[in-house]
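Everything on this sheet refers to the single structure shown next.
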Ligand code: AHG
Ligand code: MN
Ligand code: MN
Ligand code: MN
């Protein structure tokens, strides 16, 4: 089986970007080990702190963030980072030509129950006018998802799997823990266009807007209803896990807008959740939307901006969007 770096070289990826991706993966290997050690390493449970999203930080959220942050800022390739667990951007070195936004540990509520978690990353170019050396600001991260030069995630499950795109499709690599390398295990990921599987946190049903209420109601009617077929439902409570399943066998995943608290209608974050996952899904032939527009076309306005997310099998996402456009 082939190692990551030669595969990326063959895909025409520039050397600095390969080195940057390898730096991210070095941190992820460390996170993978600590997730596996769990109670043995004393990393389960919460801290007393909150992040800027108002979520209580788990010990592993903080630890994973620190590992990624330290390794990226020391790497020499990164001009600045943004993270779910950092209120503001953090500057790296002047020569760095990349910006990295990341969710150090996705699926935090799964940590203490030995269930799936992951690390999501998005790599953006430093804007041309800033290459000369002017200070990087938050606004430099506010680029549409289409600008990403690479995105991916590492999933910490029974095996540790990297899903990666550099704009030439999506590939899966599996961490061989016997010698610490990510080896190419699936070369051309394609999301089936049609599906009979969906993922939504159904406990929030009373908070959904009318179009989503109708879409899910029609799905639940099954074969005898307007959709004319039965559906299956899955919810991992870790976007990485749900997106992985969709990349493997199709499906529709959504975290829709909620109507109960209008100051906080959305959960998922654009820069380090929706955009990197959006690029992966689109590169695998799927579709990503807020219900109103393609996620990758959004001009971000805030670092920790949140958006509604509907993604997955093309035909099914289109059907869901039809309910929104009626
Ligand atoms: P994070 O753990 O990084 O804060 O993200 C959690 C996200 C995402 O992974 C998942 O799809 C969703 O929150 C789960 O939400 P529920 O708690 O509503 O199931
Ligand atoms: Mn969180
Ligand atoms: Mn997350
Ligand atoms: Mn997280």
Point to revise | Enumeration of residues in region 44-67 that are within 16 Å of ligand 4 (Cβ to nearest atom), without any contact (Cβ under 8 Å) to a residue 60 or more places away in the chain and either over 16 Å from residue 85 (Cα atoms) or part of a strand (DSSP E or B) (or both) | key: 46, 47, 49, 50, 56, 57, 58
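Filter region 118-133 down to residues that are assigned to a helix (DSSP H, G or I) and surrounded by 15 or more Cβ atoms within 10 Å (Cβ to Cβ), then give me how many there are. Talk me through it step by step, then tell me what you get.
As a first pass, look at region 118-133 and keep what is assigned to a helix (DSSP H, G or I): 128-130.
Those left that are additionally surrounded by 15 or more Cβ atoms within 10 Å (Cβ to Cβ): 130.
Summing the residues that are assigned to a helix (DSSP H, G or I) and surrounded by 15 or more Cβ atoms within 10 Å (Cβ to Cβ) in region 118-133 gives 1.
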Revision key, fill the gap. Here the residues within region 82-96 that are touching a strand residue (DSSP E or B) at 6+ places or on another chain (Cβ under 7 Å), away from ligand 4 (no atom under 16 Å from the Cβ), in a loop (DSSP other than H, G, I, E, B) and in contact (Cβ under 8 Å) with a residue 40 or more places away in the chain are 89
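Residues being under 20 Å from the mean Cα position of the chain (by Cα) and within 18 Å of residue 87 (Cα to Cα): count how many of those fall in region 120-137.
First pass over region 120-137, keeping only residues under 20 Å from the mean Cα position of the chain (by Cα): 120-125.
If we keep only those that are within 18 Å of residue 87 (Cα to Cα) too, we end up with 120-122.
So the answer is 3.
For region 77-85, state whether one or more residues are under 18 Å from the mean Cα position of the chain (by Cα), more than 16 Å from ligand 2 (Cβ to nearest atom) and either surrounded by fewer than 20 Cβ atoms within 10 Å (Cβ to Cβ) or closer than 17 Å to residue 125 by Cβ (or both).
Yes.
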**Study point:** Leading residue by the ranking (surrounded by the fewest Cβ atoms within 10 Å (Cβ to Cβ)) among those in region 97-117 that are away from ligand 4 (no atom under 16 Å from the Cβ) and within 11 Å of residue 79 (Cβ to Cβ)
**Key:** 97
Point to revise | Residue check for residue 292: surrounded by 24 or more Cβ atoms within 10 Å (Cβ to Cβ), away from ligand 1 (no atom under 15 Å from the Cβ) and either more than 23 Å from residue 102 (Cα to Cα) or modelled with pLDDT under 95 (or both) | key: no
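For residue 79, state whether it is part of a helix (DSSP H, G or I) and at pLDDT 95 or above.
Working: part of a helix (DSSP H, G or I): no; at pLDDT 95 or above: yes.
Taking the combined requirement at face value, the residue does not satisfy it.
Hey, which of the strands (runs of 3 or more DSSP E) in region 232-326, taking only ones fully inside, have at least 2 residues that are away from ligand 2 (no atom under 16 Å from the Cβ) and in contact (Cβ under 8 Å) with a residue 40 or more places away in the chain?
On the way: elements: 252-255, 287-289, 309-312.
Passing ranges, in order: 252-255, 309-312.
The values are calculated or read from the model by the stated rules, or taken from the named source; none is laboratory data. Small disclaimer: the values here were computed from a predicted structure and weren't measured. Neighbour counts run over all protein chains shown; Cβ positions are idealised from the backbone, glycine included.
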